[in-house]
1. Lysine pairs in the chain 8 or more apart or on different chains: how many have alpha carbons under 29 angstrom apart?
2. In deg cm²/dmol and to the nearest 500, what is the mean residue ellipticity at 222 nm of the chain if only DSSP H runs of at least 4 residues count, each as -39500 (n - 2.57), divided by the residue total?
3. Please list log₁₀ I(q)/I(0) at q = 0.11 Å⁻¹ for region 94-187, using the Debye equation with identical point scatterers on the alpha-carbon positions.
4. Using the per-residue mean of other Cβ atoms lying within 10 Å as a proxy for protection, in what order, highest first, do the peptides 155-167, 176-188 fall?
5. With +1 on each Lys and Arg Cβ and -1 on each Asp and Glu Cβ, how big is the dipole of region 30-76 about its Cα centre, in debye rounded to the nearest 20?
6. For the chain, what is the convex hull (Cα atoms) projected area averaged across all directions, in square nanometres?
7. Under 10 Å, Cα contacts only: if you run a Gaussian network model on the chain, which one of Cys266, Cys138, Cys26 comes out with the highest mean-square fluctuation?
8. Can you tell me the FRET efficiency between Ser215 and Val57 if r is taken as the Cβ-Cβ distance and R0 is 45 Å, rounded to the nearest 0.05?
Amino acid sequence: MRLFHTSDWHLGQNLHGQERDFEHTCFLTWLLARLAERKPDVLLIAGDIFDTVNPPVKAQERLYDFIVNAHERQPLLTIVMIAGNHDSGSRIELPAPLMRRLRTHALGRVMWLDDGVLDAERLLLPLPDAEGNVKAWCLALPFLRPAEVTGPTLGDDYLRGIGRVHELLIEAANLKRQPSQALIAISHAHMAGGSVSEDSERSLIIGNAEALPASLFGPSITYVALGHLHKPQRVNGEERIRYSGSPIPLSFSEISYQHQILEINCDGETLTSVEP
């Protein structure tokens, strides 16, 4: 199975009075060409799709035009996108019923059932290959806001709440998957040890207290597609836990970064390659 991993598009960004629409249009045109050339089974978009919770209409049009064009050119492509801390989870999910007809899954929030159990089913997505065979399951983890993982029945510890969501979702995924099916996580978070740019990535909570340990993603996870940090990097040197980085510089401090998407190849549960 072949997957593309990208994140942190920040559609609608205005940098010191300069709209970035032309640059974003060029990137999306390039990405469509790469999709046609490499023909991945899955495109993962790991959050911060928009720059603000109320993006301009033009930015929303860019996203939806891209999804329609990608589906028309590659009807078997599965797209999974999640909300980041710059996005509105509700806005990301609003057109989800329509986008499912384009093989696009949009996840913006986690939800709990009436009995206090995580609604894991909506966060677990089958990833089929070109023949329609489910080769992997995607664990979709949009940016987890404190209100979603704390409360009267969940407790007040934010990091503990995040850990519980990961634990419950991974447990549900391991029960659902069949032998040789990979588990692919997509998450928007600040992982401990990640390198932050000087002036772009908004602190998720306060200071560095929100940084999450890589141990949240146990060895049963074949690959973790991360968003939030704009510099492409491995987390703790692990090949399977990666930030793709932003496709264009989002501040002057990011000019020297390598701007890219990642191509991931898996053979069953085994990660075989990760290449820019």
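Read-outs throughout are calculated quantities, based only on the coordinates presented, and are distinct from any laboratory measurement. Since the model is a prediction, treat every value here as computed from it, not as a measurement. Cβ placement follows ideal geometry from the backbone for every residue including glycine, while neighbour counts extend to all protein chains displayed.
1. Summing the qualifying lysine pairs gives 6.
2. -7500 deg cm²/dmol
3. Each listed q corresponds, in turn, to -0.35.
4. 176-188, 155-167
5. Value, rounded to 20: 160 debye.
6. So the mean shadow area of the Cα hull is 13.8 nm².
7. Cys26
8. 0.60
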